[in-house]
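This report concerns only the one structure given below.
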Amino acid sequence: MKREHTDREYESELHKLRERLLLMGAKVEEMLTNSIKALVERDSDLAHRMIAYDDEIDQLEVSIDEHCLRILAKRQPVASDLRFITTALKFVTDLERIGDLGVNICERVIELNAEEPIKPYIDLPKMAEIVQEMVRETLDAFVSQNAEGAQAVLERDNLVDAYYNQVFRDLLTYMMNDPRVIHTGIKVQSIAKYLERMGDHATNLAERVVFMIRGKDIRHQGSQKKPTIRPHGVLFLCARNAARSQMAEAWARRLFPPGIRIWSGGAEPALEVDPRAVLVMQEVGIDISKQRPKLATDVPLGDIDTVITLCADQSCATIPGDLHRESWEMTDPAIATGNDGDVLAKYRDIREQLRRKIENYLSSRK
């Protein structure tokens, strides 16, 4: 439970500061929501209103800065109060930058609405939704003094980065195939970049909340923690997506906890799943007969933060981006020789290797 000060005037000043921060955060959320709505609905009037709306966010930044400086001058706070006030001074900077990036999005929206769209906007709204959740959850953690909640926000930035990489690749393909859309494609890519930068600022906010609560600076430590973070989306890769990666996907769907998205893919997918892989998976009560091999790039790469390759050679597909990567090298059972019993034994061996790998993978991330 938060301790209140015996000096009621001082407590009122701190309470007012919290309220203004939350108000600014709510306005930034509204800016983000409506800027993407203006993009999807091609609503230039809404975009113009959001550009004007940024003045309110800027005014709140100035007001909060002045309020913090008055408290520092009058009260000379120490310990947790000092961390709270100095955090607030930095907090508003990131919130204001998110608002400015919302303005940048609206400016590009107005330009795009005067042109023919080159493709439906699918990944950009998903990116925006994740960024908005990051901001909202950080503000909730700020109010509830929940350091674990703020820490969880840090893991979401990888998803935003993955979506940005997916959007960039898609747009690059469109522009290479039709140079006439380059001008439009660059504007859409700019919006994706603005959203990616918003995610970075939301990450800054979460790091500041952790510092405010625990007094510990966790900036620049993300890369040290990635290997132990439970994944949000996993892609298993093998060359033809016919046996190893299909069995891995099936085991993961059986063994992974709910909420983790799972796919498999390949560089040169086969026409069908290997019948022997179907058979040995049926032996353990898993039916993959309705699965179909697919290109690695056909899965929603924006939802993936972990890539696990199963090829024992260099034939696996390459997925770019700042993703957690693991290599579980396994020989393709399709090249096994001998009688039917010998070949099936190889498939069963791969099946059990995959089960153990997935179980060990999960136990290392509890």
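Each reported figure results from applying straightforward, stated rules to the coordinates on display, with no laboratory input. Keep in mind that this is a model prediction, so the values were computed, not measured. With ideal geometry, Cβ positions are generated from the backbone for all residues, glycine too; neighbour counts draw on all protein chains shown.
For the chain, a simple Cβ point-charge model (Lys and Arg +1, Asp and Glu -1, everything else neutral) yields a dipole of about 1140 debye relative to the Cα centre.
Give the separation of the Cα centroids, the stretch 232-262 to the stretch 301-366, in Å. Cα centroid of the stretch 232-262 versus Cα centroid of the stretch 301-366: 9 Å apart.
When each of the peptides 72-83, 179-190, 195-206 is scored by the mean number of other C-beta atoms lying within 10 Å of its residues, the order from highest to lowest reads 195-206, 179-190, 72-83. Across the options VAL210, THR93, ALA312, the greatest Cα extent toward the positive end of the charge dipole of the chain (unit charges at beta carbon of Lys, Arg, Asp, Glu) belongs to ALA312.
Across the options ALA242, GLY102, VAL131, the greatest Cα extent toward the positive end of the charge dipole of the chain (unit charges at beta carbon of Lys, Arg, Asp, Glu) belongs to ALA242.
Pairs of C-alpha atoms in the chain farther apart than 35 Å represent 40 percent of all such pairs. On the beta carbon distance between GLU352 and SER80, with R0 = 56 Å, the FRET formula returns roughly 0.60. Extending 7 Å from the Cα toward the beta-carbon at both ARG253 and ALA345 defines two label points whose distance is 3.1 nm. Between the alpha-carbon centers of the stretch 171-219 and the stretch 5-73, tell me the distance in whole angstrom. About 21 Å separates the Cα centre of the stretch 171-219 from the one of the stretch 5-73.
Listed as lacking a disulfide-compatible partner in the chain: CYS68, CYS106, CYS238, by the criterion of no other cysteine Cβ under 4.7 Å. Taking amide H as placed 1.01 Å from N in the peptide plane, ARG261 has its amide H under 5 Å from the amide H of GLY233, VAL234, each at least 5 places away in sequence or on another chain.
How far, in degrees from 0 to 90, does helix 340-363 lean away from the longest principal axis of the Cα atoms of the chain, to the nearest 10? The angle comes out at about 20 degrees.
Hey, with R₀ at 51 Å, roughly what FRET efficiency would ASP7 and MET176 work out to, going by the Cβ-Cβ distance, to 0.05? After rounding to 0.05, the efficiency reads 0.20.
The residue among ALA79, PRO293, LEU362 whose Cα reaches farthest toward the positive pole of the charge dipole of the chain, with charges on the beta-carbon of Lys, Arg, Asp and Glu, is LEU362. Using the Karplus relation 6.51 cos²θ - 1.76 cosθ + 1.60 with θ = phi - 60°, the per-residue 3J(HN,Hα) values for the stretch 147-164 come to 5, 5, x, 5, 4, 5, 4, 4, 5, 6, 5, 4, 5, 4, 4, 5, 5, 4 Hz, with x marking Gly and Pro. Between amide H atoms placed 1.01 Å from N, distances below 5 Å from GLY266 occur with LYS294, LEU295, ALA296, all of them 5 or more places distant or on a separate chain. Taking all Cα-Cα distances within the stretch 8-224, those exceeding 21 Å account for 56%.
Entry note, the stretch 8-224: relative contact order of 26 percent, from Cα contacts under 8 Å with a spacing of 6+ residues. When you restrict to C-alpha pairs under 8 Å that are six or more residues apart and normalise by the size of the chain, the relative contact order lands at 15 percent.
Computed from Cα atoms, the angle from the helix 244-255 axis to the main principal axis of the chain rounds to 60 degrees. Please determine, in degrees from 0 to 90 and to the nearest 10, the orientation of helix 44-75 with respect to the longest principal axis defined by the Cα atoms of the chain, where the helix direction is its Cα long axis. For 44-75 against the chain, the angle is about 60 degrees.
Could you tell me which GluC sites (Glu not before Pro) in the stretch 322-366 are loop residues by DSSP with no more than 13 other beta carbons within 10 angstrom of their beta carbon?
Hits after loop and neighbour filter: GLU329.
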